[in-house]
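The values are calculated or read from the model by the stated rules, or taken from the named source; none is laboratory data. Keep in mind that what you see is a predicted model, and the values were worked out from it rather than measured. Heads up, the Cβs are rebuilt from the backbone with ideal geometry, glycines too, and the neighbour counts pull from every protein chain shown.
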Amino acid sequence: MKVSIVGQGYVGLPLAIAAASAGHEVWGIDTNVVLVDELNRGVSPLGDLTDAQIMQAVNAKRFKATVDFGVINSCDLVVICVPTPLDSTFEPDFSYVKSAAESVAENIKEGALVIVESTVSPGTTRGLLKNILDKSDIKYHLAYSPERIDPSNPKWNVTNTPKLVAGISEEATQKAMIFYKSFISEVVPASSVEVIESAKLLENSFRLINISFINEFAQFCWKMGIDVREVIQAASTKPYGFMAFYPGVGVGGHCIPVDPSYLSAKAKEIGASNSFIDLANKINHSLSSYFTVVANEILGSLKGKKIIVVGVAYKPDVSDVRETPSLDLIKALRSEGADVSWHDELVKEWIGEKSAKLSADYDLAILANPHTGTDLSQLGSVRILDTRGGY
Ligand SMILES: NC(=O)c1ccc[n+]([C@@H]2O[C@H](COP(=O)([O-])OP(=O)(O)OC[C@H]3O[C@@H](n4cnc5c(N)ncnc54)[C@H](O)[C@@H]3O)[C@@H](O)[C@H]2O)c1
């Protein structure tokens, strides 16, 4: 198939390379000129994709990146993988999907299938996006298929993670399934796009709520003088009805802190009850001040104290700092007068600062998201506050 994938980020690029590897001819469309140039030179911006994998697809003439939306007109299939962030008031920002859908509508080929992979609120594909695409005034098919990619996960990737698919029509569902089945081992159809738009938000809200709960529970254990990790380990011996979640500095990344707000915004719009997500967000946002209070308790006062935050990426073993909770923690510690540095051997440079060396020259080290290879022994006898629990 001739395929255009709009948005070449964490979702669109691995999808493009997987589709190219399966023999499809793929155009990777992005508005970022620098990224497009790098991709065509085989430079990978992602930890999970090597330069060689991209170069191989480019050399085989199966993949080419472009800023030209005109290529859509030669394609049987267009996939939309652009960001769906929150705006400055923490409300869903649909501007990228709207803009991408407008570009698709201007260029779509008669009979082509459009698949939306961006995470959206239930009703968005059939409502907002279909309305924009209908402006093309030609016959096309429309489907939704949420992405579940987990960056740096060594086991689950684009090709072996089950893929949910639903079309606005049965024909659209079937067409989308044929495409995904060509490179994904398990493709699961659903009866409507609304079911899987909601399923995606359920998956990520489930994580947000449970992580927030375990973070609150960890605060209880800290006050009780109990090791929360040992409690979780003990509870995990129950062979059914329990799933372990682990405490930390807070949720980060592009999905977990963002997607649930698409669900809560929709709930507010239709007048449905929605207490859990708002509460989970509240707990999550309170963690920076909680750990600042704990640091204060440990050191007596934070004024002039040298503190190093270790691991500022949003999770271990990635260099991604999007929505990282370490940012709020560092700001909160600094507002109390602490002299704060940070160390992250994968992030290296961030917020206009460079990663500091780990050494014994600190009053306190706060472990946020240290990576597998982070050598904590370099901290010597520095006192440690481990946000991940442990006592
Ligand atoms: N990152 C993840 O792990 C993940 C997982 C599952 C689902 N998602 C969802 O997938 C979608 C994409 O996320 P992402 O992480 O790949 O985002 P990203 O920021 O990594 O990449 C998006 C790309 O789209 C480009 N872009 C923006 N507007 C465009 C437009 N109008 N036309 C063409 N290109 C445009 C940007 O330049 C960028 O390169 C979001 O809805 C996100 O919630 C992300």
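Would it be correct to say that PRO45 is outside any loop (DSSP other than H, G, I, E, B) and either under 24 Å from VAL318 (Cβ atoms) or within 15 Å of the ligand (Cβ to nearest atom) (or both)? So PRO45 fails the test.
List the helices (runs of 4 or more DSSP H) that sit entirely inside the stretch 88-197 and contain at least 1 residues that are within 11 Å of the ligand (Cβ to nearest atom).
Details: elements: 95-107, 130-133, 170-181.
Answer list for the stretch 88-197: 95-107.
Only one entry in VAL67, VAL78, VAL58 is under 15 Å from VAL26 (Cα atoms), surrounded by fewer than 15 Cβ atoms within 10 Å (Cβ to Cβ) and modelled with pLDDT of 95 or more, namely VAL67. Summed over the stretch 362-389, residues that are modelled with pLDDT under 95 and surrounded by 14 or more Cβ atoms within 10 Å (Cβ to Cβ) total 1. Scan the stretch 18-36 for residues that are assigned to a helix (DSSP H, G or I), within 13 Å of the ligand (Cβ to nearest atom) and touching a strand residue (DSSP E or B) at 6+ places or on another chain (Cβ under 8 Å) and jot them down. Answer for the stretch 18-36, where residues must be assigned to a helix (DSSP H, G or I), within 13 Å of the ligand (Cβ to nearest atom) and touching a strand residue (DSSP E or B) at 6+ places or on another chain (Cβ under 8 Å): LEU35, VAL36. When the criteria are applied in full, ASP328 meets the requirement of being acidic (Asp, Glu), within 20 Å of ILE298 (Cα to Cα) and in contact (Cβ under 8 Å) with a residue 40 or more places away in the chain.
Screening ASP51 against (1) within 11 Å of the ligand (Cβ to nearest atom); (2) loosely packed, with under 15 Cβ neighbours inside 10 Å leaves a single unmet condition, (1). When the test is whether a residue is among the hydrophobic types (A, V, I, L, M, F, W, C) and surrounded by fewer than 23 Cβ atoms within 10 Å (Cβ to Cβ), ALA190 passes it. When HIS141 is tested against the conditions (1) touching a Leu at 6+ places or on another chain (Cβ under 7 Å); (2) of a type outside the set (A, V, I, L, M); (3) exposed (fewer than 15 other Cβ atoms within 10 Å of the Cβ), the lone failure is (3).
Taking the criterion of being in contact with a helix residue (DSSP H, G or I) (Cβ under 6 Å, 6 or more places away or on another chain), away from the ligand (no atom under 16 Å from the Cβ) and modelled with pLDDT of 95 or more, the only residue of the stretch 253-277 that qualifies is PHE276. Scanning the stretch 362-378 for residues that are in contact with a Ser or Thr (Cβ under 8 Å, 6 or more places away or on another chain) and in contact (Cβ under 8 Å) with a residue 60 or more places away in the chain returns ILE366, ALA368, ASN369.
The listed residues are THR89, THR84, and the only one of them that is touching a residue at least 60 places away in the same chain (Cβ under 8 Å), surrounded by fewer than 24 Cβ atoms within 10 Å (Cβ to Cβ) and either within 27 Å of HIS254 (Cα to Cα) or over 25 Å from the mean Cα position of the chain (by Cα) (or both) turns out to be THR84. Checking the conditions here, which among VAL165, VAL97, VAL104 is crowded, with 21+ Cβ neighbours inside 10 Å, farther than 21 Å from MET1 by Cα and of a type outside the set (Ser, Thr, Tyr)? Matching residue, one of VAL165, VAL97, VAL104: VAL97. Against the test of being within 26 Å of ILE108 (Cα to Cα) and more than 24 Å from the chain's Cα centre (by Cα), the options SER145, SER169 yield a single qualifying residue, SER169. One residue is enough: does the stretch 209-226 have a residue meeting the conditions outside any helix (DSSP H, G or I) and not assigned by TED's automatic domain parsing to the domain that holds ALA272? Yes, the stretch 209-226 has at least one match. Against the test of being of a type in the set (A, V, I, L, M) and out of contact with any Lys or Arg (no Cβ under 9 Å at 6 or more places or on another chain), the options LEU299, LEU329 yield a single qualifying residue, LEU329.
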